[in-house]
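As structure tokens, the structure follows; a few thoughts come after it.
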Amino acid sequence: MGEARTDFLEKARTRHLTVAVIGLGYVGLPLAVEFARAGVQVRGIDVDPHRIQTINRGESYIPDVPSADLLPLVQAGRLSAGTAYEACAQADAMVICVPTPFTRMKAPDLSYIEAACRSLTPHIRPGALVVLQSTTYPGTTEELVRPILESPGRQAGRDFLLAFSPERIDPGNKQYGAHNTPKVVGGIDGPSCDAACALFSLLVPPDQIHRVSGPRVAEMCKLLENIFRSVNIALVNELAKLCDRMQIDIWEVIDAAATKPFGFMPFYPGPGVGGHCIPVDPYYLSWKAREYDFYTKFIELAAEVNSSMPFFTVNRITEALNRQGKPLQGARILVLGAAFKRDIDDPRNAPALEVMKTLMAHGAAVCYHDPYVPAVTLDGDHDPRTAPGHRPASVPLTEDTLAAQDCVCLAVAHSAFDLPWLLKHSRLLMDATGATRFLDGDRSKVIRLGSGTGAGD
């Protein structure tokens, strides 16, 4: 393996590498583009034929990847995509970026990793590097991935190299991407770590690569990063509930606390947390912790608090309508925003979807508008509140649309939303984001989550 390591390092130094990126979603496609821009050959693999066709036309379906960046790479032959794993037979490095959701019972679903590894296994060339980037629990690389890849009689560390390096993509972040976010790398042995560091040094400066002692540390690192956010968001969400009851404005409290130049980091309340990582990662760790007879009560409590926020948001809407003599049942409500965060098109685990389903469960007539999300699926297959396959489409946002609603719920404060216009034309505006705090206009019809008041904050 010493010769293979030396060969890999030389290929990385001269950029005579072929890299296969498995999974071309919000993590994989930006990574594939950055590798291609770094001058290496990239072969993208995905199970979705539509994605493959779109990429090979030079068109991007990820907002963080402009088609203007993708097209020249495709035209130059630097980046191509397909569904067949046979392309991995020519790859010097394979990076796995497939989803890792949880099941209905909040247990890890590693079926995508397993499927990718089993499809990849017949095509690993001697001395090649395999890197897992998918967020998962500590031990996945060595306990799940390694045995599958070794199953034909190969041995990791002897016949191929193996490492874990967590993805750190923040969708919609214009400042940090795959090219300038520091990388954490943990290999199963020294040569594997050396190779993975050399691979990612094509994207970020070597001094921005942090080596750790093994994959379990790197896997735990990613969970810590996201659980840190989950816990702190839960803290302000719980304080927002308390402040509502105590008639204190949590947003003003946070602004005041943030003036302290040390020992405080501001987090903000909202209708819940969404996306692929923050709602998922606490459950990945708590599930694994039980193997060691350890119960992550604090972490699970934070997840519970965050999961409660869509229902708290609905309660605030209900209270506001009641004060106007309008019951929630039969009320017409427009939800603004279906993505899990501002200015992106990803609705995975978006709190707005839970808000919509809960409103529907109470008999409200619900519609939504999102300039980035043309349609959403309300998981009716396991939710009795919606019919299976229920897939409402975004409605036009017009004065007539607003005028027809008993309440408008601002669940995601996209920059495309004209907030003064929304305030002017809405009968009742529930702001779950704090975006309307400093708006002029008729504030008698505004309810802000965590403001400590009803309408008229």
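List of remarks:
- Among the residues making up the range 75-101, those that are surrounded by 19 or more Cβ atoms within 10 Å (Cβ to Cβ) and of a type in the set (Val, Ile, Thr) are Val95, Ile96, Val98, Thr100.
- Residue, surrounded by the fewest Cβ atoms within 10 Å (Cβ to Cβ), within the range 225-251, restricted to residues that are outside any helix (DSSP H, G or I) and touching a helix residue (DSSP H, G or I) at 6+ places or on another chain (Cβ under 9 Å): Ile248
- Residue list for the range 8-33, restricted to those being in contact with a strand residue (DSSP E or B) (Cβ under 9 Å, 6 or more places away or on another chain) and closer than 15 Å to Ala76 by Cβ: Thr18, Ala32, Val33
- Hey, Lys241 of a type in the set (D, E, K, R) and in contact with a His (Cβ under 9 Å, 6 or more places away or on another chain) or not: no
- Residue check for Leu328: touching a Cys at 6+ places or on another chain (Cβ under 6 Å) and over 30 Å from Gly28 (Cβ atoms): no
- For the range 141-187, taking the residues that are hydroxyl-bearing (Ser, Thr, Tyr) and assigned to a loop (DSSP other than H, G, I, E, B), the one that is surrounded by the most Cβ atoms within 10 Å (Cβ to Cβ) is identified as Ser165.
- Any hit, the range 307-322, residues being of a type in the set (Phe, Trp, Tyr), touching a Pro at 6+ places or on another chain (Cβ under 9 Å), touching a residue at least 12 places away in the same chain (Cβ under 8 Å) and more than 18 Å from Leu239 (Cα to Cα): no
Here is a yes/no grid of residues against (1) within 17 Å of Thr83 (Cβ to Cβ); (2) among the charged types (D, E, K, R):
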position	(1), (2)
Ala12	no, no
Gly25	yes, no
Ala32	yes, no
Arg37	no, yes
Asp64	no, yes
Ser67	no, no
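- Counting the residues of the range 304-335 that are within 21 Å of Asp244 (Cβ to Cβ) and in contact with a Phe, Trp or Tyr (Cβ under 8 Å, 6 or more places away or on another chain) gives 1.
- Of the residues making up the range 323-342, those that are outside any loop (DSSP other than H, G, I, E, B) and at pLDDT 95 or above are Arg332, Ile333, Leu334, Val335, Leu336.
- Of all residues making up the range 45-72, the number that are closer than 29 Å to His414 by Cβ and not in a loop (DSSP other than H, G, I, E, B): 10
- Lone qualifier among Thr141, Thr83, Thr103, Thr136 - being out of contact with any Gly (no Cβ under 9 Å at 6 or more places or on another chain) and under 18 Å from Lys222 (Cα atoms): Thr136
- Residue within the range 325-335 that is under 30 Å from Tyr137 (Cβ atoms) and either crowded, with 19+ Cβ neighbours inside 10 Å or more than 19 Å from the chain's Cα centre (by Cα) (or both) present: no
- Failed item, numbered, when Met265 is tested on (1) touching a residue at least 12 places away in the same chain (Cβ under 8 Å); (2) in a helix (DSSP H, G or I); (3) surrounded by fewer than 15 Cβ atoms within 10 Å (Cβ to Cβ): (2)
- Filtered by the rule that a residue be assigned to a helix (DSSP H, G or I) and farther than 16 Å from Val204 by Cα, the range 15-38 gives Gly28, Leu29.
- Residue among Thr386, Thr358, Thr433 that is at pLDDT 85 or above and in contact with a Leu (Cβ under 8 Å, 6 or more places away or on another chain): Thr433
- Per the listing Arg37, Arg57, Arg13, Arg51, the residue uniquely surrounded by fewer than 23 Cβ atoms within 10 Å (Cβ to Cβ) and modelled with pLDDT under 95 is Arg13.
- A Cβ distance below 6 Å, combined with a sequence gap of six or more or placement on separate chains, defines the contacts here; from the range 97-117, residues that are within 17 Å of Val27 (Cβ to Cβ) reach residues that are among the polar types (S, T, N, Q) in the pairs Cys97/Gln133; Val98/Ser134; Thr100/Ser134; Thr100/Thr135; Thr100/Thr136; Asp109/Thr103; Ile113/Ser134.
The values are calculated or read from the model by the stated rules, or taken from the named source; none is laboratory data. Computed from a prediction, not measured in an experiment: that's the story for all the values here. Methodologically, a virtual Cβ is constructed for each residue, glycine included, from the backbone with ideal geometry; neighbour enumeration extends over all protein chains shown.
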